[in-house]
Amino acid sequence: MQQLWSVAVLHPPYKSFTYLEPDYFPSSTWKPGLRVIVPMGESNRECVGVLQPAVDLDWPEKIKNIHWPMERDVVIPLGYLDMIIELSKRQAINPGRILANVLPGSLRRIPDALISAKTGDRVALPAYGSEEPRLKEMALSWIEGDLDFTQKKGSTGKIVSVSQEPPWPILPNARLQWKLMDILWEQGSISRSRLRQLFGNGVGSSLNSLSEKGLIRLSDENSVEQEEIYSSDFMDYCLTNDQQQALSILLPRLEKDCFDLNVLHGITGSGKSIVYMRLAEKCLKMGRSAVILAPEIAIAAQLYALARKTIPGCKIFLHHGLKSGKKKESLFQELKGNTQPVVLVGTRSALFMPLNNIGLIVIDEEHDESFKQDQGFVYQAKEIAHFLARRDRSMLVLGSATPDIKTYFAARENIVNLVNMKNRVGKSLLPIVNFIDLKKDNPSFGPLSKACENALKETLSRGEQAVIMHNRRGYSPIIMCSDCSETARCTNCQVSLTFHKKRQRLVCHYCGKSLPFSIICSSCRGSEFVPLGGGTEKVEEFFQENLEGARVLRLDRDSTRNPGRTEQVLTEFAQNKAQVLVGTQMLSKGHTFPNVTLGIVLDGDLGLGLPDYRSSERIFQLLVQLSGRAGRGDKPGKVFIQTRNPDHYCWGFVAASDYLGFFNQEIKRRKLFGYPPFVRLGLIRISFPSSWIDKDQFISNLKRIVKDIGNKHGVKIMGPAPAPLSRLKNRDRYQLLVKAEKWCRIRDVYTELLPRAAKSRNVRLSLDLDPLNML
């Protein structure tokens, strides 16, 4: 008897549909995880789907057959599919949407054609609904191994990327060239075929012009990529007492055949990375694989280089989201069939590689928000790691100098094991932290107070280095009309446009809209604008012009767009080829520069006033981590943090690097106001077109629906209220904040709200469990 299958479709609307296995293939053909071609809609357009594990399915009134298998052997292992299904249940989204986001692109596309093994000829796949004899004949050839698919190839196979930093010699009226440079600068490398889809067939001549000017490079997608190795000079690996003590606790626990969750709380510079490597080395000797995750590509590359130096004789892979599609598929296929223990180092997306028999998962800088993806398909990497560690009965280590409050609370409650490392490696000590009251010591040297100016010049005179953090990119965050004092705003989002001087563009950092600097004021029609405030680009410019004999580098999202540029900046600074490194919060993340003895934070108050219960925790973590960059060698370090709010309760804990004191203070506030870890929190985001005529009526009805659902499920729902960023990309944004005792109740609220609130196609709803971004 033919069996019904639930198929997760990897194309819009990304739902799971019931299909019948066709009678021209034997039942043994179909297995969970098999990629298949299925017909969709009235036109029976061909789409890629994945067979899900067997469940009891009702026979629908109308049923279609699965059209064709895409492979003989399952590409997506059953354990991998179980992870996807578990994640879909937690996030209340369809498995098809997740698979469409995490599988390599080539595995989501229908292959180009069938090839006959006997003749080498291309054979067209019959359309759905073709005559039965023809389908049976071809199915028999498939079963006997005569027919197989070839992968669809891109029309050119070329990848386009920016090769020169701004300013760019482009005429103002060359609008398509500007659009191309803007999208390449904001999004990184893009295939030529994708650019043709976005801008039309006429894009070729503009690309050729940009290539002739040397502004872009066109490279082969299949070309061999150079592995990113952050070439810092590592210290000798003689274990400290703290490292030995930590390993004496963790190694015996690693050998146990059970799930084991640990928090490694080590101050900055205590040598947690070496502990990770020793654990990974032991894991490999046990015949099991290890995964080491970092919050950013540069840190992952640094850990990858460290693993290659300290774990000889094994396969070590590096994976991150900027790898080419070809590289991603190659690694996916290699790991799927791999039976030998390996080490996989990467960013959060590495968890979606089909690694077998995992014995150890390490999440370095576990507090970092980069482990949470909160746009599009929402997920928390720590939760996926937790699932995989439980599934494979393995050890999970969460390492940080400033653990997430919820993580440390679980450790204090003995829910997880806590291991401490309280001392730095070698002779280095934690730096002395000073807070500068800008109301008393006004900036007099560019953005620096007199005290910071003196400290910087003294540091450079000794031949030492300094890092200067300003968590605001661009040249100026505000552009004001000199005639009427109106600020330039994005018409899509109603937020201030940021001036990028080198590009001579005004950019919205939310929707990516880009305009030439020569704009007309929407209020008074004036054309004179004045940049106000400063971002990292302006800070870099000032120090480069005013620090005689010093070279200044910048590390932010704008300065590191080009492939390999991040590693180049970090390597040059580590090799003392520059004396000052200016940057955003990217500076604070795990970098080791032994000659850095000074850290300066230009505005310690940035972020404190955000409408977010985690704002104080976020600032504490950022400033302690930044402070940890100073004095990591044999020379003592100092840190200066400029503030206009010198009495804030957080500063004393930052100055003493007193995590426990901050935790005790913050946990009291969380309990008093009812925030995690004492409740479960969910954020339901709602948006609709700003021009929608019925939006007021919708919000009125939504308030009534929300009240009914809240009473029914016994949860507290706040809102609907306008989001702090109330308009983005021409869509009005509202939020519902849901507090409950259990996650399942929040999911129940969302599941019931979704069909009642999203009846109109104008309305979009999404659920973010345990949100990190409240904007």
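In this structure, the amide hydrogen of Gln2, modeled 1.01 Å from its nitrogen in the peptide plane, lies closer than 5 angstrom to no residue at least 5 positions away or on a different chain.
For Arg551, the residues whose amide H sits under 5 Å from its own are Gln579, Val580, ignoring neighbours fewer than 5 places away on the same chain, with H placed 1.01 Å from N. Taking amide hydrogens as modeled 1.01 Å from N in the peptide plane, which residues meet the under 5 Å criterion relative to Asn730, leaving out close sequence neighbours? It is Cys493, by chain and number. Evaluating 6.51 cos²θ - 1.76 cosθ + 1.60 at θ = phi - 60° for every residue in region 160-169, the Karplus couplings come out as 9, 8, 6, 10, 9, 6, x, x, 10, x Hz, glycine and proline recorded as x. Largest first and in whole Å, the equivalent-ellipsoid semi-axes of region 344-487 read 41, 25, 15, each the square root of five times a Cα gyration tensor eigenvalue. Computed with a 1.4 Å probe on the full set of protein chains, the accessible area for Met469 sits at about 10 Å².
Where does each of Tyr237, Tyr14 land when they are ordered by accessible area, with a 1.4 Å probe and the largest first? Intermediate values should be presented prior to the final figure.
Values: Tyr237 80, Tyr14 50 Å².
The most accessible residue leads, giving Tyr237, Tyr14.
Which pairs break 27 Å Cα to Cα here: Lys282/Lys336; Lys372/Lys759; Lys671/Lys712; Lys213/Lys327; Lys15/Lys759?
On the way: Lys282/Lys336 23 Å; Lys372/Lys759 29 Å; Lys671/Lys712 25 Å; Lys213/Lys327 29 Å; Lys15/Lys759 17 Å.
Distance filter (> 27 Å) returns Lys372/Lys759; Lys213/Lys327.
Accessible surface for the chain, divided over its residues, is 45 Å² per residue with a 1.4 Å probe.
Under the simplified labelling scheme, the Ala550-Lys668 pair shows an inter-label distance of 4.0 nm, with each label point 7 Å from Cα along Cα→Cβ. Each of Leu626, Pro594, Ser615 was scored by the projection of its Cα onto the charge dipole of region 541-675, and the greatest displacement toward the positive side belongs to Ser615; charges sit on the C-beta of Lys, Arg, Asp and Glu. Which shape class applies to region 77-169: rounded if a/c is under 1.5, otherwise prolate when a/b exceeds b/c and oblate if not, where a ≥ b ≥ c are the square roots of the Cα gyration tensor eigenvalues? It is oblate, given that a/c is not under 1.5 and a/b is not larger than b/c. Taking the protein heavy atoms of the chain in the context of the full set of protein chains, the accessible area attributed to carbon and sulfur is 48 percent at 1.4 Å. Compared with the rule-of-thumb size 2.2 N^0.38 Å for a compact globular protein, region 320-385 has a Cα radius of gyration ratio of 1.16. Classify region 548-693 from the C-alpha gyration tensor, please: rounded if a/c falls under 1.5, else prolate or oblate depending on whether a/b exceeds b/c. It is oblate, given that a/c is not under 1.5 and a/b is not larger than b/c.
Name the shape class, rounded, prolate or oblate, that the alpha-carbon gyration tensor gives for region 265-385, where a ≥ b ≥ c are the square roots of its eigenvalues, rounded holds for a/c under 1.5, and otherwise prolate holds if a/b is larger than b/c and oblate otherwise. The shape class here is oblate. In a simple Cβ point-charge model (Lys, Arg +1; Asp, Glu -1; nothing else charged), the chain has a dipole of about 1100 debye relative to its Cα centre.
If you rank Asp220, Asp647 by how much accessible surface each has, with a 1.4 Å probe, what is the order from largest down?
On the way: Asp220 75, Asp647 140 Å².
Descending accessible area places them as Asp647, Asp220.
Isolated cysteines of the chain, defined as having no other cysteine beta carbon under 4.7 Å away, are Cys47, Cys238, Cys258, Cys283, Cys314, Cys452, Cys511, Cys650, Cys744. Taking packing as the residue-averaged number of other Cβ atoms within 10 angstrom, the listed peptides 183-190, 447-454 run from highest to lowest as 447-454, 183-190. Only aspartates and glutamates eight or more places from Lys703 in sequence, or on another chain, were considered; those with a Cα closer than 18 Å are Asp694, Asp732, Asp748, Glu752. Computed from backbone phi with θ = phi - 60° and the Karplus coefficients 6.51, -1.76 and 1.60, the 3J(HN,Hα) list for region 596-611 is 7, 10, 9, x, 10, 10, 6, 9, x, 7, 4, x, 5, x, 5, x Hz; x is used for glycine and proline. Whole-Hz Karplus values for region 512-517 come out as x, 4, 10, 10, x, 5 Hz, taken residue by residue from phi with 6.51 cos²θ - 1.76 cosθ + 1.60 and θ = phi - 60°; glycine and proline positions read x.
Ordering 286-299, 742-755 by mean Cβ neighbour count within 10 Å, with the highest value first, yields 286-299, 742-755.
The values are calculated or read from the model by the stated rules, or taken from the named source; none is laboratory data. Model, not experiment: these values are computed from the prediction. All Cβ positions, glycine included, derive from the backbone under ideal geometry; neighbour counts span all protein chains shown. Each accessible area value is taken on the protein alone, full model and side chains, heavy atoms only, with ligands, DNA and RNA left out. Shrake-Rupley method; radii C 1.70, N 1.55, O 1.52, S 1.80 Å.
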